[in-house]
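The values are calculated or read from the model by the stated rules, or taken from the named source; none is laboratory data. None of these values were measured; they are calculated from a predicted model. In this analysis, Cβ positions are derived from the backbone assuming ideal geometry, glycine residues included, and neighbour counts consider all displayed protein chains.
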């Protein structure tokens, strides 16, 4: 069972562009999306049908709630676009990469 995270006790910072590029190399299929305060890491997941897509979204919601870090989702028949960024930092943090890896793990 995932334990609920309390991010108020952890120091977070926005990663530099160089750090983001290096970290993206370790996450197949993830790419940089947006700019400025809306910059995020993004991946599109494909599924056989709407039921599988929504099942993935529900599993991701469980993980996001436990981690107290929530992605932007675009849900469609047969696909879901997941975007992680740290709103409070107006950028991308280590937290986003941890959440992206956990998102991938849902389908491993």
Open item on the list: Every residue in region 71-108 that is part of a loop (DSSP other than H, G, I, E, B), in contact with a helix residue (DSSP H, G or I) (Cβ under 9 Å, 6 or more places away or on another chain), at pLDDT 95 or above and under 21 Å from residue 13 (Cα atoms), please.
Closed with: 71, 85, 92
Open item on the list: Step by step: first the residues of region 45-56, then only those that are closer than 20 Å to residue 101 by Cβ and surrounded by 14 or more Cβ atoms within 10 Å (Cβ to Cβ), then the one that is farthest from the chain's Cα centre (by Cα). Which residue is that?
Closed with: 47
TODO: Take the residues in region 37-56 that are touching a strand residue (DSSP E or B) at 6+ places or on another chain (Cβ under 6 Å) and without any contact (Cβ under 8 Å) to a residue 40 or more places away in the chain, then tell me which one is nearest to residue 17 (Cα to Cα).
DONE: 44
TODO: Return yes or no: is residue 60 within 16 Å of the chain's Cα centre (by Cα), modelled with pLDDT of 95 or more, over 16 Å from residue 103 (Cα atoms) and crowded, with 17+ Cβ neighbours inside 10 Å?
DONE: no
